[in-house]
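Read through the structure below, which is laid out as structure tokens, and then see the notes.
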Amino acid sequence: MVQDDVSVVFRSLGWYIGVMLGTYLFHGFVLLPILFTILTRKLPFEFLKNITEAIVTAFGTASRFEAFYDDYLKYIYEYLLTLSI
């Protein structure tokens, strides 16, 4: 009985993930390039080639900022704990 319920939940979850991934891929690789081409009258491939360095930099620095932010929060929590004692 419980195994059937779990299998239904995971099947539904799999369908949800598949539909969402398909929608994101359609949006990113079909709809947005078409809109970009219509609005700018240029092909999106040159634009994507030009922003590749910025995207790589953004992903590379995001993890470092997150680590800095976690350390900063830990410092604030420790400071607040010393004030409350």
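The values are calculated or read from the model by the stated rules, or taken from the named source; none is laboratory data. Quantities reported herein were computed from a predicted structural model and do not represent experimental measurements. Heads up, the Cβs are rebuilt from the backbone with ideal geometry, glycines too, and the neighbour counts pull from every protein chain shown.
Taking residues in the range 14-38 that are hydroxyl-bearing (Ser, Thr, Tyr), and partners anywhere that are surrounded by 11 or more Cβ atoms within 10 Å (Cβ to Cβ) and modelled with pLDDT under 95, the pairs with Cβ atoms closer than 8 Å and at least 6 places apart or on different chains are THR37/LEU43; THR37/PRO44. Total residues in the range 1-44 satisfying the condition of being surrounded by 10 or more Cβ atoms within 10 Å (Cβ to Cβ) and among the basic types (Lys, Arg): the figure is 2.
The combined condition, being in a helix (DSSP H, G or I) and at pLDDT 75 or above, is not fulfilled by PHE65. Residue pairs whose Cβ atoms lie under 6 Å apart, separated by 6 or more positions or on different chains, with the first residue in the range 46-61 and among the hydroxyl-bearing types (Ser, Thr, Tyr) and the second surrounded by fewer than 10 Cβ atoms within 10 Å (Cβ to Cβ) and in a helix (DSSP H, G or I), do not occur.
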